[in-house]
Amino acid sequence: MTTMLGLSLTGRKVVFVGGGAVAARRLPRLLDDGALVTVIAPALGAEVQALVDAGRVEWIARDVRENDLDGAWFVHSATADRRVDARVAAWCETRRIFCVNTSDGAHGSARLTAETRAGDIVVGVVSDAGVDPRRTARVRDAIGAQLAAGLFPVRRRRHTATGRVDLVGGGPGPLDLMTVRGRRLLAEADVIIADRLGPAGALPELDADVEIIDVGKRPGHHPVPQHEINELLITHARQGKRVVRLKGGDPFVYGRGGEELAACLAAGIPTEVVPGVTSAIAVPQAAGIPVTHRGVSAGLHLVNGQADISATTLAALGDDAVTTVVLMGVAALPKLAAAAQAAGVDPDRPVAIVERGHTPQQRTTRTTLGRMAQDAADAGVRNPAVVVVGEVTRTGLLMGESQLVELPLAGDVNR
Ligand code: SAH
């Protein structure tokens, strides 16, 4: 039978007998835990030699002797010589030191678990039966995959002294376009500060007592000013809570993630940023538009439609080898068209406006720079939409005209 213990080896002496493949596989784990490892072996394999060269382990270059175990809290013997391993195990037994012995398909007085980590959670798998490392590894991997995806109830029941903030990119909408890391952090969160855009599907599956604060912005209408959002993040983290700031797309693409990160860091709050699939690239993709395409467009210019139109943007619009992507651009279409015309840009440059990309309501309006303001008004185009200007939006770029249906795939498949 086995009792699983969570040992802390940090700063403690560990003796590893043997310097071959098993040592190479297992030493990093002991070292990551901060163990002070002495390897005893007449010769080393290349990987263990590299750890010795890097000063990460001490090496005694000879056969093991009993007094090598002096002061050790934990011993691992893996010499490929089962008599040596058995002798080390016997010494450990009399000295009351726990010992892993990998010889002979038997366990020693201790065994290493097949381990998986997600955030601060560590899961170890062992079996009471004989040694079958592939079996425990498979169980470990199955648990690890679910844990990593945030499918286990990993939320803390007790708050810690210092909370933290994670700025998580939620992607363009569907839950399965969010990163695995982001979903795990959501599952761990006590407070979620969310925007209007982003994967709404992520929220219903959370514990009922997770606090969800909607600070969603609508164009031209800012319910919660940015400095108050920053304050919300900091105040909740200071209460020891795990805060996720969930954003549409990527936090660093017109998401004000940079400001939030800076505010949290200035307040001394541990903060991480998890990237997301940005609508700037993924929404055109949903409509079958590659933002770059060999021989057609070699570059991408990304702009915020609410900002002033810069000379660089006009140059990008005028360059037929550059794709211009405009976010928050629906209201700016007339202004953009007028500026392009005044700058002498070809009014026939093709344009695609993709609304609600990656949702079942996705719709693409194909037009040109000269006509886009009128066509969008006629079609009733509304935010959220991504405006793409450039040769990559030409109908039939990737497939023949006959296949040019709106890609219902995008909405359906990602459900
Ligand atoms: N950080 C986000 C962008 C925030 S700005 C990202 O990386 O995607 C908000 C703008 O993103 C919207 O005005 C719209 O232009 C665009 N957008 C976001 N999601 C969208 C979607 N599903 N379909 C179309 N446009 C979208």
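The values are calculated or read from the model by the stated rules, or taken from the named source; none is laboratory data. On a predicted model such as this, the values are computed, not experimentally measured, just so you know. For neighbour counting, all protein chains shown are included, and Cβ atoms are generated from backbone atoms with ideal geometry for every residue, glycine included.
Return the only residue of I269, I281, I289 being over 22 Å from I229 (Cβ atoms), aliphatic (A, V, I, L, M), part of a loop (DSSP other than H, G, I, E, B) and at pLDDT 95 or above.
Among I269, I281, I289, only I289 is over 22 Å from I229 (Cβ atoms), aliphatic (A, V, I, L, M), part of a loop (DSSP other than H, G, I, E, B) and at pLDDT 95 or above.
Select from the range 128-172 the residues that are within 22 Å of the chain's Cα centre (by Cα) and of a type in the set (K, R) and list them in ascending order.
Hits for the range 128-172 are R140, R155, R156, R164.
Pick from the range 253-273 the residues that are free of Cβ contacts under 8 Å to residues at least 60 places away in the same chain and touching a helix residue (DSSP H, G or I) at 6+ places or on another chain (Cβ under 8 Å): which of them is farthest from the ligand (Cβ to nearest atom)?
Checking each candidate, the answer is A267.
Hand me the list of helices (runs of 4 or more DSSP H) wholly inside the range 1-111 holding 1 or more residues that are in contact (Cβ under 8 Å) with a residue 60 or more places away in the chain and surrounded by 12 or more Cβ atoms within 10 Å (Cβ to Cβ).
21-32, 82-95
Regarding the range 157-168, can at least one residue be identified that is in a strand (DSSP E or B) and among the charged types (D, E, K, R)?
Within the range 157-168, one or more residues are in a strand (DSSP E or B) and among the charged types (D, E, K, R).
For (1) more than 20 Å from V322 (Cβ to Cβ); (2) part of a loop (DSSP other than H, G, I, E, B); (3) assigned by TED's automatic domain parsing to the domain that holds G299, each residue gets a yes or a no:
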{"site": "A352", "(1), (2), (3)": "no, no, yes"}
{"site": "H358", "(1), (2), (3)": "yes, yes, yes"}
{"site": "R366", "(1), (2), (3)": "no, no, yes"}
{"site": "R382", "(1), (2), (3)": "yes, yes, yes"}
{"site": "V392", "(1), (2), (3)": "no, no, yes"}
{"site": "L398", "(1), (2), (3)": "no, yes, yes"}
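Taking the criterion of being within 16 Å of the ligand (Cβ to nearest atom) and of a type in the set (D, E, K, R), would at least one residue in the range 161-170 satisfy it?
Within the range 161-170, one or more residues are within 16 Å of the ligand (Cβ to nearest atom) and of a type in the set (D, E, K, R).
Mind checking whether some residue in the range 284-297 is surrounded by 15 or more Cβ atoms within 10 Å (Cβ to Cβ), under 26 Å from L333 (Cβ atoms) and near the ligand (Cβ under 9 Å from one of its atoms)?
Within the range 284-297, one or more residues are surrounded by 15 or more Cβ atoms within 10 Å (Cβ to Cβ), under 26 Å from L333 (Cβ atoms) and near the ligand (Cβ under 9 Å from one of its atoms).
Do we find a residue being within 16 Å of the ligand (Cβ to nearest atom) and crowded, with 21+ Cβ neighbours inside 10 Å anywhere in the range 219-228?
Taking every residue of the range 219-228 in turn, none turns out to be within 16 Å of the ligand (Cβ to nearest atom) and crowded, with 21+ Cβ neighbours inside 10 Å.
Kindly check whether there is at least one residue in the range 32-46 that is at pLDDT below 95 and either in contact with a Ser or Thr (Cβ under 9 Å, 6 or more places away or on another chain) or within 30 Å of G130 (Cβ to Cβ) (or both).
For the range 32-46, residues at pLDDT below 95 and either in contact with a Ser or Thr (Cβ under 9 Å, 6 or more places away or on another chain) or within 30 Å of G130 (Cβ to Cβ) (or both): present.
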